[in-house]
Structure formats: C-alpha cells, structure tokens
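Take a look at the structure set out below.
Coordinate-derived values only; no laboratory data. Here the structure is a predicted model, which is why all the values come from computation and not from measurement. We place every Cβ from the backbone using ideal geometry, glycine too, and count neighbours over all the protein chains shown.
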Amino acid sequence: FALLSSGCGPDFDVEGAFFPAWILCMAVGGVLSVLAYLGLVRTGLEPHIGPPALFYPSLYVLLTLLTWIVFFRP
C-alpha cells in the first residue's frame, strides 16, 4: 500500500514542472517563524520565551503544519 500511494501527494504546477506542496509549506513555515522572531524581538518578549533551542524549532514545525492544514487539508 505504501508503494502505491507514495506518489499521491498534492502537487502544483510551477512554470511547467510539478512542485511538491510540502516544500512550499516548509518555506512558508520558515518565513513565518522568522517574522514571529522579529515580532518577539521588537516587542521585547524574546528574552521571556524560555529555551530558544526548543521554542523556535517547535514554532517552525507548528507553523509548517498549520500551513499544510489551511491550504491542503482533505
């Protein structure tokens, strides 16, 4: 079953080539994470968030998965 369904992901056309949607979601999650970081620094809340090594990767994963859910949910 895994081999038969491995090519069934959502793709979209970018200048004639099919582009996997998960790459777009990862890029959007990264951009949103950087914007969230800049917003936290600007408001002065960045020193109060806890360990950055845990917070920012978790924020990246959260925003990436939320992007997937918003644009590509079944």
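General observations
- Phi angles of the range 54-70 translate, via the Karplus equation with coefficients 6.51, -1.76, 1.60 and θ = phi - 60°, into HN-Hα couplings of 9, 5, 5, x, 5, 5, 4, 5, 4, 5, 5, 5, 5, 4, 4, 5, 5 Hz per residue; Gly and Pro are given as x.
- F72 paired with V31, simple spin-label distance in nm, labels 7 Å along Cα-to-beta-carbon: 1.6 nm
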